[in-house]
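As structure tokens, the structure follows; a few thoughts come after it.
Please treat every number below as a calculation from the coordinates, not as lab data. Because the structure is a prediction, the values reported are computed rather than measured. Reconstructed Cβ throughout: ideal geometry from the backbone, glycine too, with neighbour counts over all protein chains shown.
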Amino acid sequence: MKILIDKNQLNEKIKQIAGQIVSNIPAETDIAIIGIRSRGEILAQRLVKALKTHFSGRILNGTLDITLYRDDLNEPKEVQPTVRSTEIDFDITDKLILLVDDVLHTGRSVRAAMDALTDLGRPRLMRLAVLVDRGHHEYPICADYVGLKTDVDESQVVQVNFIEIDKEDRVIVE
């Protein structure tokens, strides 16, 4: 196991992502920050807190479950995926959507999230923020806002831990 980001660095990376967003989106803009379950949801909540002082427009927050949109749903597995709720209590039509996930790898989760969102409405604009972009994308998807870009061997796993569910903040490679 190798620590890519420790707890202090994690807070700095979230501030860094927030800074990238602030420098790119006008302060008076209404923005909807939607996290992909489960760790993207936590990152989104932390970004909302970091951005509240910078935006005079409304900041909406929601959570998206992509389980039924995954392209591997029909593949045989030992454990069946658990479908959880999507919690978006606002109309996404004509909104600037900031889609948030913890790790960008193949791009499959982001593609599934975009499909799920477009079933809910037609956003005006969609941007992607990730804590870690580990490369090896299979789809032509790239993040607009990134905390750490790294090249991790395909055989390794990047695991983001958040204190809310893992009892500590860090990013490790196993």
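In the stretch 104-132, what residues are among the β-branched types (Val, Ile, Thr) and surrounded by fewer than 20 Cβ atoms within 10 Å (Cβ to Cβ)? Outline the logic, then answer.
In the first step, residues of the stretch 104-132 are kept if they are among the β-branched types (Val, Ile, Thr); the result is 106, 110, 118, 130, 132.
Once the filter is applied, which keeps residues that are among the β-branched types (Val, Ile, Thr) and surrounded by fewer than 20 Cβ atoms within 10 Å (Cβ to Cβ), the stretch 104-132 yields Thr106, Thr118.
Of all the residues that make up the stretch 87-112, how many are over 20 Å from Leu125 (Cα atoms) and of a type in the set (Val, Ile, Thr)?
So the first thing to find is which residues in the stretch 87-112 are over 20 Å from Leu125 (Cα atoms), and the list is 102-103, 105-106.
Pick out the ones that are also of a type in the set (Val, Ile, Thr) and you get 103, 106.
Counting residues in the stretch 87-112 that are over 20 Å from Leu125 (Cα atoms) and of a type in the set (Val, Ile, Thr) gives 2.
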>> With the requirement that a residue be of a type in the set (Lys, Arg) and surrounded by 14 or more Cβ atoms within 10 Å (Cβ to Cβ), what does the stretch 16-59 give you?
In response: Arg37, Arg39, Arg46
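Answer yes if at least one residue in the stretch 133-151 is assigned to a strand (DSSP E or B), touching a residue at least 40 places away in the same chain (Cβ under 8 Å), over 12 Å from the mean Cα position of the chain (by Cα) and surrounded by 13 or more Cβ atoms within 10 Å (Cβ to Cβ), and no otherwise. Give the derivation first.
The initial filter retains those residues of the stretch 133-151 that are assigned to a strand (DSSP E or B), namely 133, 145-149.
Filter once more, keeping what is touching a residue at least 40 places away in the same chain (Cβ under 8 Å): 145-148.
Keeping just the survivors that are over 12 Å from the mean Cα position of the chain (by Cα) gives 148.
Within this subset, residues satisfying the condition of being surrounded by 13 or more Cβ atoms within 10 Å (Cβ to Cβ) are 148.
Yes.
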> Filtering the stretch 152-165 down to residues that are outside any loop (DSSP other than H, G, I, E, B) and of a type outside the set (Val, Ile, Thr), which residue is farthest from Ala112 (Cα to Cα)?
Replying inline: Glu164
>> So, Val157, is that one out of contact with any Ser or Thr (no Cβ under 6 Å at 6 or more places or on another chain), of a type in the set (Val, Ile, Thr) and in contact (Cβ under 8 Å) with a residue 40 or more places away in the chain or not?
In response: no
